[in-house]
Amino acid sequence: LKVEVAKTAGFCMGVTRAMDLALKVAREKNEVIYSLGPLIHNRQAVASLEAEGFLIAEVPEEIPEGTTVVIRAHGVRPEVREELEARGIRVIDATCPHVVASQKRIAVKSRAGFSIVIVGDRDHAEIKGLMGHAVGPVVVISSPEEVAEVELPEPLCIIAQTTFSEITYEKVVAEAQKRFPSIEIFESICSSTEDRQREVREMVKRVDAFVVVGARHSANTLRLAEIASESGKPTIHVETAAELSFSELRNLELVGVSAGASTPGWVIEEVIGALEAEEGH
Ligand code: SF4
């Protein structure tokens, strides 16, 4: 089989950076390293991190003094970092640069007297971290309808979670501009998810079948499989190479491969290798 691999398959810049930083520290220190929440939502990746000596702490209090902790790509509230450092814990900050940019904008605008409207999922770790960077009034909303409920002193500025839907954000912003004509708008959505989906849409036109690699519970991976299968071409979603079934790929020439943002490179490589080994059958 010939295989075409999507350029956008697998870890986004922020996740690659966080994993590289974490592994570098683990290998240098040769001791147990904590991460505040799982560094990545992927079983295979978590298992390989555990083998490297990583432990997941759900809350900062679980991390013993004198140890090292990695802050994941979503970032944290400033107080969390201060509290960890005050307890003598070494902090390795792997907050994604896109998220850091949003945190800084919120801090600057908030100090300048603006109320902050954050658009996103209020239970998400990134949003909790962003809220913590506001020193004044702040609210989280997730739909255009909720704009009517915003009761904050003007001036206002509005900013989105980095992975929020661009289309929904545009609608929220349009509503907000009607109620608060002078509201300042920040374009903070990271393009990584959109780019990945766009590439699958393009690739699926020229391949005979599509394989999507990633966790079954990963929303962005499921979305990729959905996009590929909407084309009517055979689409297979696997977590690992062991799950590949070649019966659907018989007599085909070119297979496209992409993967979700939390799928490690080596898991993708194994799938590509298994597909390529089918050549000539
Ligand atoms: S902001 Fe974008 S690049 Fe950064 S971690 Fe999130 S999806 Fe990845």
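Note the direction-averaged projected area, equal to a quarter of the hull surface, for the Cα convex hull of region 137-242, in nm².
With every direction weighted equally, the projected area is 8.6 nm².
Based on the mean of other beta carbon atoms within 10 Å per residue, what is the order of 250-260, 51-61, most packed first?
250-260, 51-61
If you look at just the Cα atoms of the chain, how large are its Rg and its Dmax in Å?
Expressed in Å, the Cα Rg and Dmax of the chain come to 21.4, 68.
Roughly how many nanometres apart are two label points built 7 Å out from the Cα toward the Cβ at LYS7 and VAL59?
Reported label-point gap for LYS7 and VAL59 is 4.6 nm.
If each of LYS104 and ARG250 carries a label point 7 Å out from its Cα toward its Cβ, how far apart are those two points in nm?
Using points 7 Å along Cα→Cβ, the separation is 5.8 nm.
What percent does the relative contact order of region 1-61 come to when contacts are Cα pairs within less than 8 Å and at least six residues apart?
This gives 33 percent for region 1-61.
What does the convex hull of the Cα atoms come to per residue for region 70-201, in Å³?
109 Å³
Using a Gaussian network model on the chain with a 10 Å cutoff between Cα atoms, which of PRO181, PRO264, PRO234 fluctuates the most?
Maximum fluctuation in the GNM of the chain, among the listed residues, is at PRO181.
In cubic angstrom, how much convex hull volume per residue do the alpha carbon atoms of region 1-148 span?
154 Å³
Please give the per residue accessible area of the chain, computed with a probe of 1.4 Å over protein heavy atoms only, in Å².
48 Å²
In the chain, with Lys and Arg counted as +1 and Asp and Glu as -1 at Cβ, which of these residues, PRO155, ALA219, VAL99, has the Cα nearest the positive end of the dipole, that is, farthest along it?
Going by the charge dipole, the pick is PRO155.
Which of the lysines could a cross-linker bridge to LYS128, judged by Cα under 21 Å and excluding same-chain residues fewer than eight apart?
Correct list for LYS128: LYS104, LYS109.
Carbon and sulfur: what percent of region 146-195's accessible surface (1.4 Å probe)?
On region 146-195, the fraction of accessible area on carbon and sulfur atoms equals 51 percent.
What's the FRET efficiency of GLU154 with VAL32 using the Cβ-Cβ distance as r and R₀ = 41 Å, to the nearest 0.05?
E between GLU154 and VAL32, to the nearest 0.05, is 0.25.
The values are calculated or read from the model by the stated rules, or taken from the named source; none is laboratory data. Treat the numbers as computed from the prediction; the structure is a model and nothing was measured. When we count neighbours, we look across all protein chains shown, and the Cβ atoms used for this are built from the backbone with ideal geometry, even at glycine. Side chains are part of the model used for accessible areas, which takes the heavy atoms of the whole protein and leaves out ligands, DNA and RNA. Shrake-Rupley method; radii C 1.70, N 1.55, O 1.52, S 1.80 Å.
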